[in-house]
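This report refers to the structure that appears directly beneath it.
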Amino acid sequence: MSLKMTSWWDGLRSKCQFSEDYMTQEQMLKIIARHGYNVGFGAKKNFATYDLICKTPGRISFVSLAVGIFALITPQLATSKISALLIIFGVITLYIQLYDSEKQKYAIAGDAQTKIFNSLELIYRSVKSDPDVDYVSTQKSISQLMDEFYDTTISKQIFGSNWYAHYKFYCEFEKRWVEEELNLTLKDKVPLSFCLFIILAVILAFIIY
């Protein structure tokens, strides 16, 4: 490597080091909170997929059985529309069963990512309580945790897990520090795709009936 290139590289490293050393407390807290959101939501998405795999087929079977029994005594239920709906339920059950053999890995990934989330919260509270914290070593700790998170990430998730994960993250998770630091609002808590799905479902139901 030439002397000129070496000097340029050393200068770049110095600038990066300067940037890390002089990162403000507020900037570091924002970074940790963003990572916390991604990790926490990822954990809940894995748990959402696991719950949907384990619980949905049983619920569908119960509803289908109940509708079938009541159709014997209630002629209004013995229609082609109800039959078509029950067939759709059956197709959904078959789709979910495709994930059944891998359901345990979603639970394991969710547990691992929850531990990472808790570790990030400890770092967050440490940085918030100590304005003189070593930001360079803190950033290294965060990077190690995020590497662990990426190693446990599962890209293949079941349909609907993203919507269910929003509920589980915002209603079943102790994530106030993330919510307050990032100033999350109702717009962040309700996925746009879910709103569009509901609108389309209402329109479709109106057209059918």
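Every number in this text was worked out from the coordinates using simple rules, so none of it is lab data. Small disclaimer: the values here were computed from a predicted structure and weren't measured. All Cβ positions, glycine included, derive from the backbone under ideal geometry; neighbour counts span all protein chains shown.
Odds and ends about this structure:
- Ranking of THR152, THR185 by neighbouring Cβ atoms within 10 Å, starting from the fewest: THR185, THR152.
- Footprinting exposure proxy ranking of TYR150, TYR106, TYR50, fewest other C-beta atoms within 10 angstrom first, gives TYR150, TYR50, TYR106.
- Model label points for TYR150 and ARG176, set 7 angstrom from Cα along the Cα-to-Cβ axis, are 3.3 nm apart.
- Simple spin-label estimate for ALA66 and LEU85 gives 1.2 nm between the two label positions (7 Å along the Cα-to-Cβ direction from each Cα).
- Over 30 Å (Cα to Cα) - which of LYS81/LYS189; LYS103/LYS175; LYS55/LYS140; LYS30/LYS103; LYS81/LYS168; LYS156/LYS187 fall in this group: LYS81/LYS189; LYS55/LYS140; LYS30/LYS103; LYS81/LYS168
- Order by protection proxy (mean Cβ within 10 Å, highest first), peptides 34-47, 132-145: 34-47, 132-145
- Ranking TYR99, ILE73, VAL127 by Cα position along the charge dipole of region 25-208, where only Lys, Arg, Asp and Glu carry charges on their C-beta atoms, puts ILE73 farthest toward the positive end.
- Residues of region 43-62 with amide N under 19 Å of the 7 Å Cα→Cβ point at TYR95: 45-62
- As a ratio to 2.2 N^0.38 Å, the alpha-carbon radius of gyration computed for the chain takes the value 1.45.
- Restricting the calculation to Cα atoms, region 66-122 shows an Rg/Rh of 1.37 when the hydrodynamic-style radius is the Kirkwood one.
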